Structures are given as structure tokens and as C-alpha cells.
Ligand code: SF4
């Protein structure tokens, strides 16, 4: 594989010579990861900036799972009309799932777009830019291709951040791409293709490089991360991969997102509850607490299976954090179905939930289902669910106050560069409200939790008292 990788250039522009790139990212962790790949691909010629106004190149990394990001794409392209008028050299590219799905159609709707590229074509960006600079017409590149073969290693080094600043503490590593499931509301199998797992040695090598560059925490990414390896010959289990990564010196913490309940077996529960490097946090999408709706969604598990997994995890590790995704207002969802989702929330006590009102994505089976629920009703259900989640979160956070827990310092505060923030194993963010001595990126610090906020905790190093 490495033979096909491009060799590094010997000369790179100095910081002052570089142009400026701004990437707006919508959607899932996979998109965040692709954004980091793009920064890496472009770093030779472009410096990241924190707004479109300051940029020579703007990339919009889109998501098509929900309707809003697609609407946001077109409203953002509308806003950028003015920018392009004042800076005719500004170049605009669109990527991500909407780009993969819509391709040429984006050029028709967004006349200021210079190029569109799909989820398998990130490595083509420099050549698309060059083609446009040389006067070629707007470009579209959305074919499936073997991108991993062509991208240099080392994408894993960056900790995604909205403003383009990054550090090495957390490394995000794709272990598979695509999806073999067919949830009726989801376009991902169409836009990202069938599931393909990466070679385990290649993943291991990337982890080692990330650790060598200072990463302490590895986040494994896949649409259904725990079906990793089922397509390989010989088959490899996700748990085997976790064990291999945990055995690498220097890896302190391992996270992954997102496992599919259908693929969770005893060995998974055993591994996440006993391997000290695997964090005490499982993000497992529920989507609905009603079996009838799960069936309509083609989720391939039932509420009882989901709850049994949670029971097994929590009986092994009582303080295991469970987070989830929930869709309300799926076609045909009755009040009773919705109440069943709330009931599951009561039982599980999610530490966090990402909840969405259903919106039909063109090309999915759910888009052809009769829309029986008004937008108003969907939003009402969403508000009820989110209000409930806030109450649950307050209960989930309060037991941490007064305890001393290990926090991995992974970034600086959004508000003050001298203040740090980090995460406990359960993934809850801990902010250090003052610039304490001895804190530094990548350190794992025993921390006294002093207070809880709505979504986060406040702490101070235990040694500071
Ligand atoms: S598991 Fe379902 S929701 Fe997740 S990517 Fe695959 S089809 Fe989409």
C-alpha cells in the first residue's frame, strides 16, 4: 500500500506565502475526520483560518442525514456571493454526503461553486484547485475510488476543532468506511457505499505514528464501528482490533463511535468493561424506543435487545456512560410510540442524547412513507425529549461533584487560551476555570470536580488544594 503514497515535497511555502483555508463542517464524526484529512492534504499550501471572510479557499463539508445542513449549505453559498464579488480569487468547494449525492446539481443551484467532490475523492482537492486556477470550468469529482491508497499517513494526528487549530492529544482513525445496513431514513449506504474494513496492520501502524507524534487517546471511527473486520479474510473481530490497539505502548485511552446494537455480543461487553484502556463510555444509537418504529426504520434490533445490552454493561461497570441518538417524528410515530422512547430514556438514564426531528432524505425508503406527523408536532416531541434529557443530565452529572477523577487534558478553553479543558473516561468535559500550574496538553491529571454546569463539569487539579 505504501508504494502508492505520494512522496513529501522538499519545498513548502513559508507561513507568509501560504494561502488561507476555511472549512465549515456539518454532521457526524466521520465528517469531522474528513475535514481533518482535508486540512492535512492542504497544509503544504494553506493555513487554516476561522472564518470564510479571511479565506482564499472555502470548503463546505456537508451532511445529508438531516435536512438542515443541506439548507445551510445553500444559504451559506448565498452568503458567499458577496465575498466572491469582493474577492474574485476566492475559491469555493463543496464536499461530504450532499456533494456525493447531488454532484453536478450543486453547480446548478450554487453558481459560485468552483468544484464539488465526493467522500471518496478528498485527495483530488489540490488538482481540482489547480484546474480551476488554470481556467477550467467548475469541476465535479464524485466517483468511488480507493482514497486510502493515496492519502499520506498521519491524518490521525489532529484533534478536530472548529477553528482549524489542532493538537495531537486525540487521534481520530477510520477503521472502516461505508455501511451494509439499510436503515430506511439513511442515505449513507448510498453516498459512502458498502462497508469496507481497513487492513488491521495498517490501522496499527497509523496508531503507532499518532502515538509517536504525541497522541494519548485514539478514537476509532466507522459507520457501524463494531462490524469491523467481518468483510476481511480471514475475519477479524472488532474486539480483536481493540485488544491490538490497547497493547500499543503509549496508547492511554481508546474510544470508538458508533457501535450498532445488532452487532454487540458478549466479547464486546467483556472487552469494554474490563480493558482498562477502553473508556467507560459507549455511544449506541437508540433511534426509537418503540419496536414498531424500529421495524419501520429497519434497525434490525428491538427495544429488549437494546436494554439488555445496557443492563449487561451497567451490571459490569455501574458508572459506564451511555449516550445515544434519537429521531422523533418518524413517519407513523404515534404518541404511544413516542412515549415508549421517553420510557427507554427513563430506564437507561442517558448521559447525553443527540436528538433530531425526522426529515425525509431524498432517495431513502423513509422518504416514500406517508408523512403523518406535522412539523409542529415533531418539534413539540423534540422539545419534550430534550427537556427530559436535561433533567437526566443534571442527575447524571451531580454524583461527580466532590470526587477526584482522572482527566485527560485535550484542549484549551474556547474562551481563554490559558485555561485548559479535558475529559473523564466517561467522556464528560471538565473545564479548569483558571490557569492552574502543571496542566498541559496530553497530561492525565487527577482532578477534583468542584461543580457541574448544564453539560459539563468544573474541576481543579487535586494537587492544587
Ligand atoms: S447503520 Fe443505519 S443509520 Fe448508520 S450509517 Fe448504516 S444505514 Fe445509516
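The values are calculated or read from the model by the stated rules, or taken from the named source; none is laboratory data. This structure is a prediction, so every number in the text was calculated from the model and none was measured. Glycine also receives a Cβ, built like all others from the backbone with ideal geometry; neighbour counts cover every protein chain displayed.
At-a-glance table
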| quantity | calculated |
| --- | --- |
| Hits in region 228-244 (condition: farther than 19 Å from residue 274 by Cα and within 16 Å of the ligand (Cβ to nearest atom)) | 228, 230, 231 |
| Sole residue being away from the ligand (no atom under 16 Å from the Cβ), surrounded by 18 or more Cβ atoms within 10 Å (Cβ to Cβ) and modelled with pLDDT under 80, chosen from 168, 159 | 159 |
| Test for residue 247: is it surrounded by 17 or more Cβ atoms within 10 Å (Cβ to Cβ), away from the ligand (no atom under 14 Å from the Cβ) and outside the structural domain of residue 427 (by TED's automatic domain parsing) | no |
| Per-region count, region 250-283, residues assigned to a loop (DSSP other than H, G, I, E, B) and within 16 Å of the ligand (Cβ to nearest atom) | 4 |
| Hits in region 210-245 (condition: in a helix (DSSP H, G or I) and more than 21 Å from the chain's Cα centre (by Cα)) | 212, 240, 243, 244 |
| Region 192-209, subset within 16 Å of the ligand (Cβ to nearest atom) and part of a loop (DSSP other than H, G, I, E, B), residue surrounded by the fewest Cβ atoms within 10 Å (Cβ to Cβ) | 194 |
| Residue in region 403-422 that is under 30 Å from residue 181 (Cβ atoms) and not in a strand (DSSP E or B) present | no |
| Test result for residue 184, touching a helix residue (DSSP H, G or I) at 6+ places or on another chain (Cβ under 6 Å), within 16 Å of the ligand (Cβ to nearest atom) and part of a helix (DSSP H, G or I) | no |
| Odd one out for residue 189 among (1) closer than 30 Å to residue 415 by Cα; (2) at pLDDT below 95; (3) assigned by TED's automatic domain parsing to the domain that holds residue 272 | (1) |
| Candidates 91, 80, filtered to the one that is touching a strand residue (DSSP E or B) at 6+ places or on another chain (Cβ under 8 Å) and modelled with pLDDT of 85 or more | 91 |
